[in-house]
Amino acid sequence: MFSNFFSQLNKVQSRQYTIDRWLLLLVTGLLVFGLIMLSSASSVIAYENHQDAYYFFKRQLFFAAIGALAFWIGSRTPHQLWKKLALPALIVSLLLLIALFLPGLGKLVNGSRSWLNLGFVTFQPTELIKLLFIVYLSAWFAKHRSAGHSNHSDSLYPFLAIYGLIATLILLQPDLGTLIIISGASFVVFFISGVPLRKLLAICLLALLALAALVSFSERQQKRFHCVIDASYDSMGACYQVNQSLIAIGSGGFFGRGIGNSRQKYLNIPEVHNDFIFAVIAEEIGLVFCLLLLATFFALFAKGFAIAKNSSDDFAKNLATGITAWLAIQTIFNIGGIINLLPMTGIPLPLISYGGSSLISSLFALGILANISRHQKYGSL
């Protein structure tokens with residue numbers, strides 16, 4: 001299998017294709033902006049914990065270098081080869097999730113067993129699983145559609161069974177935020193595969209009922225939903241992070257305090273360099289430039305869906321749509337939680353938040369999207 005993989009890779013590399021330049025520009029712009037803002041947002045906590053104001057910045061710069069390599073590999077690897085690796089991708093996903101519960105491998109952080117400790121490296125496998133599961137679903141639905149099956153139950157029930165197994169393993173950690181991202185991206189791929197809207201709505205209704213049931217059994221999640229309704233509820237407890245974020249955003253005004261001049265980053269906002277970095281960004285660059293940042297994200301996602309629309313085959317279409325939906329949903333839930341329109345989920349802001357697992361997996365996925373853009377029916381957009 002792997003000898004065939006690399007032989008086909010060499011053949012494709014010998015041919016000339018053009019990556020969508022706008023996609024490359026948007027990814028590069030967000031990555032550079034994220035490094036600049038991380039340097040500012042993390043300086044206080046980095047000095048407090050590591051006596052080096054640039055500790056997190058230097059590590060993120062290292063992750064970005066690895067991520068750039070991952071992007072290049074993804075962009076140079078023919079996307080059709082991932083279709084052949086779809087089943088191994090699913091198996092790897094399940095093994096990684098199971099490994100989290102093995103003694104000595106799974107690491108408990110902030111009440112969630114979502115980190116895998118291999119001794120020489122510690123990472124969050126769920127960040128990679130987001131991509132691997134999308135690869136598998138994209139191949140599954142493309143195969144079903146190419147076979148000309150008119151009965152969507154043939155793909156619906158296996159999809160629900162596989163999704164249910166993945167969801168159960170994620171909930172056992174527990175990691176509701178990741179489950180929301182994977183669920184949203186999966187249903188988007190399922191929808192574009194041609195499933196009738198009534199069946200998709202029925203599945204979404206069942207998913208909402210399941211979410212309501214999960215929240216009803218979790219006091220922590222109930223408090224997070226309560227904070228959305230009333231931010232003053234438990235302002236020094238469950239709603240503390242949200243309140244501090246809103247203070248940062250409000251004090252930024254229209255044009256911000258200036259990069260490096262945040263006050264809330266002085267140990268007022270927990271995880272200021274990670275999940276809550278957008279609050280410091282809003283405080284330092286203000287509303288006007290935050291809208292420009294959101295417009296950049298929107299342009300990236302619009303480009304991703306345009307690439308999916310113009311893809312040359314069903315698998316590429318599914319994969320491009322799934323990757324774009326994943327990153328878009330994650331961005332919406334991160335920023336939505338910080339401005340208190342959605343409950344906090346503890347998920348990073350793509351290409352901006354600190355973290356090697358998230359940054360590298362996101363750049364690798366965007367590299368695959370770049371490769372798909374090489375094979376569009378109408379050329380580069």
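Mind checking which helices in the chain clear 30 Å along their axis (Cα) and have mean Kyte-Doolittle hydropathy of 0.5 or more, DSSP H runs only?
Working: long enough: 55-76 (32 Å, 0.80); 125-146 (31 Å, 0.57); 277-309 (37 Å, 1.96); 314-338 (36 Å, 0.83).
In the chain, the long hydrophobic H runs are 55-76, 125-146, 277-309, 314-338.
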Most packed first (mean Cβ within 10 Å per residue), the peptides 344-353, 18-27, 315-324, 71-80 order as 315-324, 344-353, 71-80, 18-27
For the chain, set up a Gaussian network in which alpha carbons nearer than 10 Å are linked by springs, and say which option among Ser245, Ser362, Ser112 fluctuates the most. Ser112
Helical mean residue ellipticity (222 nm; -39500 (n - 2.57) per DSSP H run of 4+; nearest 500) of the chain: -23000 deg cm²/dmol
So how much slack lies between Ile339 and Arg113, counting 0.36 nm per residue of separation and subtracting their Cα-Cα distance, in nm? 78.7 nm
Let me check the size of the chain from its C-alpha atoms; what are the radius of gyration and Dmax in Å? 20.8, 63
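Let me know the Kirkwood hydrodynamic radius for the stretch 278-324, please, with Cα pairs as the basis and the value in Å to one decimal.
Working: mean 1/r = 0.0833 Å⁻¹.
Result for the stretch 278-324, one decimal place: 12.0 Å.
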Candidate cut points under chymotrypsin sites (Phe, Trp or Tyr not before Pro) in the stretch 171-243, DSSP loop plus at most 16 other Cβ atoms within 10 Å of their own Cβ, are Phe217, Tyr233
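With a 10 Å Cβ neighbour count serving as the proxy for reagent exposure, in which order, fewest first, do Leu169, Leu366, Leu95 appear?
Working: Leu169 20, Leu366 28, Leu95 10.
Listing Leu169, Leu366, Leu95 from fewest to most nearby Cβ atoms yields Leu95, Leu169, Leu366.
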So, in Å, what gap is there between the alpha-carbon centers of the stretch 180-196 and the stretch 319-381? 15
Please identify every one of the trypsin sites (Lys or Arg not before Pro) in the stretch 199-268 that sits in a loop by DSSP and has no more than 16 other beta carbons within 10 Å of its own beta carbon. Arg263
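No lab work stands behind these numbers, since they all come straight from the coordinates. Remember, it's a predicted structure, so these values are computed and weren't measured experimentally. With ideal geometry, Cβ positions are generated from the backbone for all residues, glycine too; neighbour counts draw on all protein chains shown.
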